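The values are calculated or read from the model by the stated rules, or taken from the named source; none is laboratory data. Note that the structure is predicted; figures quoted are calculated from it, not measured. Please note: Cβ atoms are built from the backbone with ideal geometry, for glycine as well, and neighbour counts cover all protein chains shown. Please note that ligands, DNA and RNA were not included when accessible areas were found on the heavy atoms of the full protein model with its side chains. Shrake-Rupley method; radii C 1.70, N 1.55, O 1.52, S 1.80 Å.
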Amino acid sequence: MSAPVLAKPQLRGLLAKRLRFHIIAAFILSLGCANLYKFGVAEPRKKAYQDFYKKYDAVKDFQEMYQAGVFQYENK
């Protein structure tokens, strides 16, 4: 009985081959994360701000705060 023959390990160019694969995978993963953030967080936030400022009246808000006594000052 003879021992099974092991395949020779690939040593030449191994780092370049593995780096090529991992760089491509990292690039694709980063694009996926960027799109997920853009459409999952940034766009809804932008829409919420647009909706808020469509109905927002700064003068009315100021008048309500003024009447509530939020603004206090000392006249020296």
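Some notes on this structure:
- The long axis of helix 43-55 is offset from the longest Cα principal axis of the chain by roughly 10 degrees.
- When each of the peptides 23-34, 3-14 is scored by how many other beta carbons lie within 10 Å of its residues on average, the order from highest to lowest is 23-34, 3-14.
- Hz values of 3J(HN,Hα) by residue in the range 19-25 - Karplus curve (6.51, -1.76, 1.60), Gly and Pro given as x: 5, 4, 4, 6, 5, 5, 5
- Rounded percent of accessible protein surface that carbon and sulfur make up, the chain, 1.4 Å probe: 64 percent
- The structure-derived value of volume of the Cα convex hull per residue in Å³ appears in the list [x] 112; [y] 286; [z] 91 under the label [y].
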